[in-house]
Amino acid sequence: MRFIVGSGQAVVTVLTGLTALGVAACSGDSGSEPGTPNAWDEARVSANVATIERVAAAPALESYRVLGRYIGAASSSAPAVQGAPALQAVARRLAELTGAGGGPQLVPVVRPGVLGRTYVFDAAAGTYVHDPARAGAPANGVRFILYETNAETGAINPAVEIGHADLIDERASSPTTAGLRFRVVAGGVTHLEYAFEVGGLLVAPTLSVQGFMSDGTERVNFELEVSGPAWGHGGTARLDARLELPSQNFSVVTSMEGTGEPGGPAEVELTVRGGSDVIVVKSRVESGQVDATVTVNGRVLATATGDASHPVLKGEGGRELTADEVAALGQIVAFADGVFKLFGELLAPAGALLGLALGLGL
């Protein structure tokens, strides 16, 4: 998975290099042994990552992820790209329609004509339609019924309802922001909830997301900030993301910064904290050349330099890495890709739902 900032070719190169690092590293053995110079509690970190993955794999969230495919014109108007470009497209569109930069205001964001409505899947039409007989939708929002979904194909089984997703208009107090909240509920459990703010000027929109996932037992908090120029305005774009598993004192924080120019400089930083362990990955790429360092509890585990698609891996002081260190490096690098993929999947339906709110579909 490649996560792009702006037109972001430099950041593509960063993650291509990091992914190459991870693939090479995963050919090693099972991990570091306690007492070795770069030892860390790999089992604990792995268990925490597995918990986050389990929470994110709830059937209601699987259904929510594919919701945007079935919202008629709204889905066709959503960006074809994934990750940062899609988020920036949403930010740019909302900044324009909410009047950021002095344009006309659109408050509240959700059209009055759809407030309080519930939409259900119509198998014959292959899309969601309004069901006037359904009650229970929020008065200041719109409800979509969620169904059993094939995780591989995204196909909906309309015979089995499993919950609902609400889009709620919270009308932010600032005249240059649009306040929206998304909530996914199934079996009495709120599996996903996040607030979505877009602000700034049209030429440099900002996007802020704060929320949580839950399986009814564990809760995963997350935050996302995206800022940077819209297309054609040059400059540097930045993305900051955070995942936290409070019950285990575990967090993953990552950031990306880069220009939209091919071959331009880009930087990625990832910090994993679990118990007493602190793992940091710092990488910079420019003109296809990478310079990356991975530290574990303040000690250098590895460096990667040279061609970003085939970096040279070395241990502290230029020594060769052991098989255990190579395996540990593979798991660490995989965190960066996993965090961005998770955010992309959670936020993917937003474009289609916002399209509905802005009158682009249904």
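The values are calculated or read from the model by the stated rules, or taken from the named source; none is laboratory data. Only a predicted model underlies this, so the values are computations on that prediction, with no experimental measurement involved. Positions of Cβ are backbone-derived with ideal geometry, glycine not excepted, and every protein chain shown enters the neighbour counts. Calculation scope for accessible area: heavy atoms of the full protein, side chains included, ligands and nucleic acids excluded. Shrake-Rupley method; radii C 1.70, N 1.55, O 1.52, S 1.80 Å.
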If I ask for residues that are at pLDDT below 90, in contact with a Ser or Thr (Cβ under 8 Å, 6 or more places away or on another chain) and surrounded by 19 or more Cβ atoms within 10 Å (Cβ to Cβ), which ones from region 230-250 would you list? Ala237, Leu239, Ala241
Test of understanding: among Lys282, Lys314, which residue is free of Cβ contacts under 8 Å to residues at least 60 places away in the same chain, farther than 19 Å from Glu257 by Cα and open to solvent by 30 Å² or more (accessible area, probe 1.4 Å)? Lys314
Right, Ala100: in a helix (DSSP H, G or I), open to solvent by less than 20 Å² (accessible area, probe 1.4 Å) and either closer than 27 Å to Ile162 by Cα or modelled with pLDDT under 95 (or both) or not? no
For Val120, only one of the following conditions fails: (1) over 30 Å from Glu225 (Cβ atoms); (2) assigned to a helix (DSSP H, G or I); (3) modelled with pLDDT of 90 or more. What is its number? (2)
Residue set Val272, Val253; condition modelled with pLDDT of 75 or more, within 18 Å of the chain's Cα centre (by Cα) and open to solvent by 30 Å² or more (accessible area, probe 1.4 Å); output residue Val253
Being open to solvent by less than 60 Å² (accessible area, probe 1.4 Å), at pLDDT below 80 and in contact with a helix residue (DSSP H, G or I) (Cβ under 6 Å, 6 or more places away or on another chain): is that true of Leu362 here? no
Residue check, Val296 β-branched (Val, Ile, Thr), within 24 Å of the chain's Cα centre (by Cα) and within 13 Å of Trp40 (Cα to Cα): no
